[in-house]
1. List the number of the failed condition for Lys20; all other conditions in (1) over 14 Å from Lys3 (Cα atoms); (2) in contact with a Lys or Arg (Cβ under 9 Å, 6 or more places away or on another chain) hold.
2. Of all residues in the stretch 1-39, which are among the small types (Gly, Ala, Ser) and either more than 22 Å from Gly58 (Cβ to Cβ) or in contact with a Leu (Cβ under 6 Å, 6 or more places away or on another chain) (or both)?
3. Residues of the stretch 1-18 being open to solvent by 70 Å² or more (accessible area, probe 1.4 Å), at pLDDT 95 or above and on the phi < 0 side of the Ramachandran plot, which ones?
4. Residues in the stretch 32-51 that are part of a loop (DSSP other than H, G, I, E, B) and farther than 13 Å from Thr5 by Cβ: how many?
5. Please specify each residue of the stretch 31-42 satisfying the condition of being within 13 Å of the chain's Cα centre (by Cα) and open to solvent by 70 Å² or more (accessible area, probe 1.4 Å).
6. Given the criteria in contact (Cβ under 8 Å) with a residue 24 or more places away in the chain and in contact with a strand residue (DSSP E or B) (Cβ under 6 Å, 6 or more places away or on another chain), does Lys40 qualify?
7. Could you tell me how many of the residues in the stretch 19-30 are open to solvent by less than 90 Å² (accessible area, probe 1.4 Å) and either touching an Asp or Glu at 6+ places or on another chain (Cβ under 6 Å) or free of Cβ contacts under 8 Å to residues at least 40 places away in the same chain (or both)?
8. Please state which one of Thr5, Thr18 is part of a helix (DSSP H, G or I) and hydroxyl-bearing (Ser, Thr, Tyr).
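The values are calculated or read from the model by the stated rules, or taken from the named source; none is laboratory data. Please read these numbers as outputs of a predicted model, since none were measured by experiment. Neighbour counts are summed over all protein chains in view; Cβ atoms, including those assigned to glycine, are modelled from backbone coordinates with ideal geometry. Note: accessible area is taken over every heavy atom of the protein model, side chains too, but ligands, DNA and RNA are not part of it. Shrake-Rupley method; radii C 1.70, N 1.55, O 1.52, S 1.80 Å.
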Amino acid sequence: MAKITLFSKNNCMQCKMTKKFLEKENADFEEINIDEHPEKIDYVKSLGFTAAPVIESGDIVFSGFQPAKLKEIL
């Protein structure tokens, strides 16, 4: 299983829902808050995204709260 990285922002409901989902599933993930780590914004943009949350796991990268896709990477 590839490592899961969650790029989130403050006051982002979809970010909170994604984090809660991953915690409920006992997923091993790292959360990077781009409000607290603005140096990561360019990396997230390089992946082709401009809105949080962005979830990265190996070759799979997607944006938004998508429980079906989250289940696929767990």
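1. Of (1) over 14 Å from Lys3 (Cα atoms); (2) in contact with a Lys or Arg (Cβ under 9 Å, 6 or more places away or on another chain), only one is false for Lys20: (2).
2. Taking the stretch 1-39 as the starting set, the residues that turn out to be among the small types (Gly, Ala, Ser) are 2, 8, 27.
Within the stretch 1-39, Ala27 is the sole residue that qualifies.
3. Correct list: Lys9, Asn10, Met13, Gln14, Lys16, Met17.
4. Applying the first criterion (part of a loop (DSSP other than H, G, I, E, B)) to the stretch 32-51 yields 34-37, 47-51.
If we keep only those that are farther than 13 Å from Thr5 by Cβ as well, we get 35-36, 48, 50-51.
Qualifying residue count, the stretch 32-51: 5.
5. Glu31, Lys40
6. Numbers: in contact (Cβ under 8 Å) with a residue 24 or more places away in the chain: yes; in contact with a strand residue (DSSP E or B) (Cβ under 6 Å, 6 or more places away or on another chain): yes.
Spelling it out, Lys40 is indeed in contact (Cβ under 8 Å) with a residue 24 or more places away in the chain and in contact with a strand residue (DSSP E or B) (Cβ under 6 Å, 6 or more places away or on another chain).
7. First, pick out the residues of the stretch 19-30 that are open to solvent by less than 90 Å² (accessible area, probe 1.4 Å): 19, 21-22, 25, 27, 29-30.
Those left that are additionally either touching an Asp or Glu at 6+ places or on another chain (Cβ under 6 Å) or free of Cβ contacts under 8 Å to residues at least 40 places away in the same chain (or both): 19, 29-30.
The qualifying residues number 3.
8. Details: Thr5 fails: part of a helix (DSSP H, G or I).
None of the others qualify; the one that does is Thr18.
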